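What follows draws every value from the coordinates through simple rules; no lab data is involved. What you see is a predicted model; the values in this text were computed from it and never measured. Because the Cβ atoms are built from the backbone with ideal geometry, glycine has one as well, and the counts that use them run over all protein chains shown.
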Amino acid sequence: MAPELGRRAAEWLWYADGLPGELARTVLWPAEALMRLVVARRGQRYDRAQREGSLPAMALPALSVGNLTVGGTGKTPVAAWFAARLRERGAHPALVMRGYGDDEWRVHQVLNPAVQVLRNPDRVHGTGEAARAGADCVVLDDAFQHRRARRVADVVLVSADRFDSAVRLLPAGPYREPLAALQRATAIVVTVKAAGPEQVDRVLQAVQRTAPEVGVAVLRLVPGALCQLSSSDPHDGLAPVAGSPPATEGNRERGPVVLLSAIADPQAFETQMRGCGLDVRAHLAFGDHHTFTAADVETVLARMAQQAASAGTTPSTRVVCTLKDAVKLAPLWPRVGPALWYVSQHVAVERGAALLDQQVERVITARDTAVPPPG
């Protein structure tokens with residue numbers, strides 16, 4: 001309960017509008033100033049080490065997918081997308097990630113079942129493990145600040161949905177580094193879930209002003225097909241997600257739904273689902289990376305029954321969550337009662353396809369240079 005309350009408090013502090021939120025962030029200004037100093041000095045040390053060539057060598061060519069903020073940019077689907085592109089080029093990538101929580105690595109296993117997923121907070125050691133396991137390159141999930149891990153491509157994500165021009169560092173805001181850190185990327189990717197064109201343009205202008213020499217791409221994270229969790233064997237009910245986005249026609253006729261999520265940006269998820277035509281009656285949002293328990297599931301089902309009783313209707317037959325939530329809820333969900341459906345985020349390139357191809361090509365070239373051809 002304490003971690004959950006802490007996450008909710010942080011969300012309110014970082015994104016609350018109005019005077020109370022501004023006052024709370026102002027009070028934390030000294031702590032934020034100290035964070036800026038620590039980040040700046042750390043960056044200077046790594047910049048010097050990089051110039052001197054004293055950083056440890058990586059066992060394999062690496063493509064890093066990271067961000068500047070705490071969650072909510074779409075790292076997992078984008079990292080999975082790059083791993084799939086590398087496989088299409090004939091590479092044998094592994095995904096190396098910190099393994100925070102019990103969800104992201106499982107999502108990767110669903111999205112790319114043929115790609116090995118290694119969890120290691122030390123990406124250098126994790127890449128060594130990948131090499132010993134037979135990989136010839138790696139995709140580093142959430143490694144932009146892990147600067148000991150040298151990479152040949154450094155892709156940094158910026159969420160159009162959660163972007164705020166008033167960049168505040170932890171603990172007063174969600175940023176780990178100032179916006180100027182984008183200058184060390186090889187590619188900047190603006191991710192879009194539900195943000196409108198004007199907001200996307202504002203973000204593009206901000207990042208291009210900050211890092212004018214770095215190419216920028218735009219990826220839209222589109223909800224994929226609605227998939228029902230298998231009731232016969234919920235442990236094995238998650239299959240690789242494929243297909244087109246759910247059509248809006250007919251979704252409302254299929255009855256009301258309750259959304260259930262434990263993600264960094266629940267509002268964007270809700271906006272997406274409403275945009276797909278789902279008749280959303282409630283959204284039960286837990287903190288990002290929340291570890292669901294059987295008691296949580298009982299609470300959700302009880303709240304659904306209460307809402308239905310107060311409205312004089314029968315309980316909704318559908319609960320819709322994200323794939324990130326489904327991998328944790330699958331073994332807990334009852335075989336009778338409301339059905340659990342899940343939706344995954346698919347990557348659609350709106351701008352900068354050539355730039356993204358260049359990032360993949362960097363890895364392929366480094367791999368071919370490092371590994372002599374057979375025979």
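Inter-label distance, ARG148 to ALA31: 2.7 nm, where each label sits 7 Å from its Cα along the C-beta direction. Taking the C-alpha atoms only, the angle from helix 18-27 to the longest principal axis of the chain is near 40 degrees. For the chain, the share of DSSP beta bridges that are antiparallel, to the nearest 5, is 15%. Here the chain is described by how far its Cα atoms reach on the three principal axes: 70, 59, 37 Å, from widest to narrowest. Peptides 16-27, 359-370, 171-182, ordered by how many other C-beta atoms sit within 10 Å of their residues on average, highest first, read 171-182, 359-370, 16-27. Here the calculated FRET efficiency for ASP17 and ALA133, from their Cβ-Cβ distance with R0 = 45 Å, stands at 0.40, rounded to the nearest 0.05. A straight chain from ALA225 to ARG42 at 0.36 nm per residue would run longer than the Cα-Cα distance by 61.5 nm. Our coupling estimate for the range 356-369, obtained by passing each phi through the Karplus curve with A = 6.51, B = -1.76, C = 1.60 and θ = phi - 60°, is 5, 4, 4, 5, 5, 4, 4, 5, 4, 5, 5, 5, 5, 6 Hz, Gly and Pro reported as x. Distant-in-sequence amide contacts of VAL158, defined by a placed amide H-H separation under 5 Å and a gap of 5 or more residues or a different chain, comprise VAL189, VAL190, THR191. For PRO334, the shell of other residues with beta-carbons less than 13 Å away shows a net charge of -1, using +1 for Lys and Arg and -1 for Asp and Glu.
For ARG351, the amide hydrogen comes within under 5 Å of the amide hydrogens of VAL218, counting only partners 5 or more places away or on other chains and with H modelled in the peptide plane.
A crude spin-label estimate for the pair THR291 and ALA166, with each label 7 Å from Cα along the Cβ direction, gives 3.6 nm. Taking Cα atoms only, the orientation of helix 266-275 departs from the longest principal axis of the chain by about 60 degrees. Ranked by the mean number of other Cβ atoms within 10 Å per residue, highest first, peptides 122-135, 149-162, 208-221 order as 149-162, 122-135, 208-221. Note that the range 103-118 has calculated 3J(HN,Hα) couplings of 10, 4, 5, 5, 4, 4, 5, 6, 6, 9, x, 8, 9, 6, 10, 10 Hz, one per residue in order, obtained from phi through the Karplus relation 6.51 cos²θ - 1.76 cosθ + 1.60 (θ = phi - 60°); glycine and proline are x.
Between the Cα long axis of helix 123-132 and the first principal axis of the chain there is an angle of about 90°, rounded to the nearest 10. Cα centroids of the range 62-96 and the range 177-220: 17 Å apart.
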